[in-house]
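Notes to accompany the following structure.
The values are calculated or read from the model by the stated rules, or taken from the named source; none is laboratory data. Given the structure is predicted, the values throughout are model-derived calculations rather than measurements. For neighbour counting, all protein chains shown are included, and Cβ atoms are generated from backbone atoms with ideal geometry for every residue, glycine included. Keep in mind that these areas ignore ligands, DNA and RNA; they rest on the heavy atoms of the full protein, side chains included. Shrake-Rupley method; radii C 1.70, N 1.55, O 1.52, S 1.80 Å.
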Amino acid sequence: MPDHSLRSSSWNRSQLESKRLGTGPNPELASDLYLYLTQKEEFTSSAKRQALVRRIREALIKCVSIVGCCKPIECIIAISQVEQEPDKDYTMTREKWQCDAQNHENATRWFRSVYGRDERSTLSLFDAHKDFQWLSTEITYGLYLSDRTVLNDVETEIVVPASIMIQNLKIEPHWHSRGARRVGISKHDTEVFWSCIQEVARYFRLDLPRVPTVAEVEPDV
């Protein structure tokens, strides 16, 4: 069985941090997170730092589908300003992406993994607003979230609730806390990242009263 523990690597916790920085009020702090991580023993070589920034970049790309492009752009610019040239990664993940049948199939498969029995009832919320239905499947899931070539299933699903919760929303955090549980994250570890998000919110003096607790979501899993 794969290790779905948030404690399995320093990346998993730093991934939560990059999500919240990408949606919080001070995205420039992403450079501090990057510098902190690159001082750790597991990121001492340029190759490992390139792998790290690919993962941070992919997490921020996924954040665009949740919060828009401006804050993730500020995050990646802040990181680029402190990167050393040997540590920079010039690869690109989506240069061959097409909004085609394969994209739709990828989107539907990943959407179903997250929503399960709630797939149809969720999409039906947009039956009278089909542009949003199309946006959810072809772009949010097709372009952004169903691409798991850099981040795996669990890491991908961590991106979404972390990015949504910090915005003090109610409905989507429920969906994606539930989705995190459905793709294999334990209840305990879901509670860990819920608590981490609350801590960062307090740091930024943000209140998150609308965000449901893990216990409130659990009966719907």
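Data table
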| read-out | value |
| --- | --- |
| Rounded accessible area of VAL150 (nearest 10 Å², 1.4 Å probe) | 40 |
| Most to least accessible of THR149, THR213, THR190 (protein chains only, probe 1.4 Å) | THR149, THR213, THR190 |
| Cross-link partners of LYS71 among lysines (Cα-Cα below 29 Å; sequence separation of 8 or more within a chain) | LYS19, LYS40, LYS48, LYS62, LYS88, LYS96, LYS130, LYS170 |
| Stretchable slack from GLU119 to GLN167, in nm (0.36 nm times residue separation minus alpha-carbon distance) | 14.9 nm |
| Stretch gain in nm, segment LYS88-GLN102, where the contour uses 0.36 nm per residue and the Cα spacing is subtracted | 1.9 nm |
| Tensor-based shape of region 73-221 (alpha-carbon gyration tensor, a/c under 1.5 rounded, otherwise prolate or oblate) | oblate |
| Theoretical FRET efficiency, 1/(1+(r/R0)^6), r = Cβ-Cβ of CYS70 and LYS130, R0 22 Å, to 0.05 | 0.25 |
| Net lengthening on full extension, GLU95/GLU41 (0.36 nm per residue, minus Cα-Cα) | 16.2 nm |
